[in-house]
Each structure stands twice: as structure tokens, then as C-alpha cells.
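Participant: Questions regarding the structure given below will be posed in turn.
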Amino acid sequence: AGFVYAQVLFACVRFDLFGLLRDGPLSPETIARRLGLPPDRGLTLLRAAASLNLIRRLPDGRFALADLGAALIGNPSIALMIEHHAMLYADLADPVALLRGEAEPTRLASYWPYADGGNTAPVDPESVAAYSGLMAASQALIAADVLDALPLAGRTCLMDVGGGEGVFLAHAARRHPDLALRLLDLPPVAERAGTRLAAEGLGDRVCCLGQTFLDGPLPPGADVITLVRV
């Protein structure tokens, strides 16, 4: 059932059903037409989404956003995570072949450039754009909570390993204006982070280093090291 629920949610995100209902309830016929679906197939999706409390059916037959669907509009980062999971389900289409090592290279391994630790080839800057954007979106969801739980008073330098585009460090910089900051990630990712942080006025406080923990010992000097993953 969990797989079915996930596919219903994925379909709603891919069709942008929640965005369609943002301005108010619509009839199932109108929704199906705008989604480019036959009326009966559109109604199947709507009933499935309503069963998961993503949307709700009104007494007059129209469908409106429910709390869970509205929450997805308020957190676009979650939609990116849901889109990302489609690759996992594709990789698991034949779990027996995957476990035997007979499957093709997985989509997730291709998506995350550092997944193949033995591959020493340079990473194409364009190949990191999608996953860097996903990391940036996902870190924004929890950065404030992590900083609430992480005592940094009296610390001098925070180094974020695998820091992506620097979203977590940007939050830390705003909360702790005297803290020196370092970011480690793949060279093209570190370059993207430097550009992003400079645009936020933090270029003079952050040192972005193009390496990972797979390249050898971490640089010395930081008295706090973080590795943030969602």
C-alpha cells in the first residue's frame, strides 16, 4: 500500500494538482480537462488523492485542497524530494537483478556524482546542478532546527562537509555573525556555493574548498564540523 500511496503522491506532484487547486475548488471535469486526462482517469486520481487526505471532495462534488496538499504548496522543497524518489522506484523495478548485480547502473548512482567512490574522473559542472538544487532545497527545511540544537557559542570556525550550495552555512552565518565558515564539496559544487554565498554578501566570511572527505584528511582549523543530510 505504501508504494501505491507514494505513486499517487508522485502523480499529484507531477500533474501539479495542488497548484491547480490553489485558488479554490474545481469540478472533477474541469480538473481532468486541465490535467489533460480522460474524465474517468482524472476522477481515479482525485479519489485516490482524497483517500490520502491530500485533497477533499465537497458536498457539491467539487474537489478542494486538504491540509496535507496545502502544506506541499507551502513547502516546494518537498515536491523536489518526491520527484527525486521516482528514480529510486525505477531502480527497484527488478530488485532481484539489482541484488545479483545484473542490473544496469542505477539512476540514483548517475544522479549523485560522488556515489561511485572509485571513479576519479572530473565531475561535469552541469551534472551537479540538479542534485545541488535538491540539496539546497532540502537543507532549507531543517537548517533552523539543526542550529537550534547545535550550541555554537564560543566557537570560531564551522566547516560544513558536503555543504552543497551553502544553504546551511548561510543560515549559520546569519545567526552567528562572528563565526568563520568553510564549505567542502566537489569542485564544481564548491564553485556554485561560492557564487551563491557571494551573492548573499557572505563571500568574505566563507571559504569554499573543492574536495570531499574521500580525498584525504579534512583541512585543520575548524572547531565544529557538520555533515547535514535529509
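Participant: What net charge do the residues around Ser138 carry, taking every other residue with its C-beta under 15 Å from that of Ser138, with Lys and Arg at +1 and Asp and Glu at -1?
Facilitator: Details: positive: Arg229; negative: Glu83, Asp145, Asp160, Glu165, Asp185.
Residues near Ser138 contribute -4 overall.
Participant: I'd like the Karplus ³J(HN,Hα) series for segment 46-62: coefficients 6.51, -1.76, 1.60, θ = phi - 60°, whole numbers in Hz, and an x wherever there's a Gly or Pro.
Facilitator: 5, 5, 5, 5, 5, 5, 9, 6, 7, 9, 9, 8, 7, x, 7, x, 6
Participant: What is the dipole size for segment 128-226, taken about its Cα centre, with +1 at each Lys and Arg Cβ and -1 at each Asp and Glu Cβ, in debye to the nearest 20? Can you show the working numbers first?
Facilitator: Details: 7 positive and 11 negative charges, 22 e Å.
Computed about the Cα centre, the dipole is about 100 debye.
Participant: For segment 128-226, with the dipole built from +1 on Lys and Arg beta-carbon atoms and -1 on Asp and Glu ones, taken about the Cα centre, which of Pro217, Gly203, Leu134 lies farthest toward the positive end?
Facilitator: Farthest towards the positive end: Gly203.
Participant: To the nearest 20 Debye, how big is the dipole of segment 2-74 about its Cα centre, given +1 on the beta carbon of each Lys and Arg and -1 on that of each Asp and Glu?
Facilitator: Numbers: 9 positive and 6 negative charges, 19 e Å.
Here the size comes out at about 80 debye.
Participant: Ala199: net charge of surrounding residues, Cβ under 14 Å, Lys/Arg +1, Asp/Glu -1, itself excluded?
Facilitator: The answer is -1.
Participant: Shifting gears a bit: Calculate the dipole size of the chain relative to its Cα centre from +1 charges on Lys and Arg beta carbons and -1 charges on Asp and Glu beta carbons; express the result in debye to the nearest 20.
Facilitator: Working: 19 positive and 25 negative charges, 158 e Å.
In total the dipole reaches around 760 debye.
Participant: If you don't mind, another one. At 222 nm, what helix-only mean residue ellipticity would the chain give, in deg cm²/dmol to the nearest 500, using -39500 (n - 2.57) for each DSSP H run of four or more? Numbers along the way, then the final one.
Facilitator: Working: 11 runs with 117 residues, N = 230.
Calculated at 222 nm, the ellipticity per residue is -15000 deg cm²/dmol.
Participant: Relative to the longest principal axis of the chain, what angle (0 to 90°, nearest 10) does the C-alpha long axis of helix 76-91 take?
Facilitator: 80
Participant: Something else: Express in whole angstrom the spacing between the alpha-carbon centres of segment 138-159 and segment 1-80.
Facilitator: Each part reduced to its Cα centre gives a spacing of 36 Å.
Participant: Here is a further query. Return a whole-number percent for the relative contact order of segment 134-230, with Cα pairs under 8 Å and 6 or more residues apart as the contact set.
Facilitator: Details: 154 pairs, mean separation 33.0, N = 97.
It rounds to 34 percent for segment 134-230.
Participant: Right, another one. Arg182's amide H: which non-local residues (gap 5+, or another chain) put their own amide H closer than 5 Å, with H modeled 1.01 Å from N in plane and none for Pro or chain starts?
Facilitator: Residues meeting the amide H criterion: Leu158, Met159, Asp160, Cys207.
Participant: Round to the nearest 10 and give me the degree value, 0 to 90, for the angle of helix 129-149's Cα axis relative to the longest principal axis of the chain.
Facilitator: 80
Throughout, read-outs are computed from the coordinates displayed, never taken from laboratory work. What you see is a predicted model, and the numbers here were worked out from it, not measured in a lab. Every residue, glycine as well, gets a Cβ built from its backbone with ideal geometry; the counts of neighbours run over all protein chains shown.
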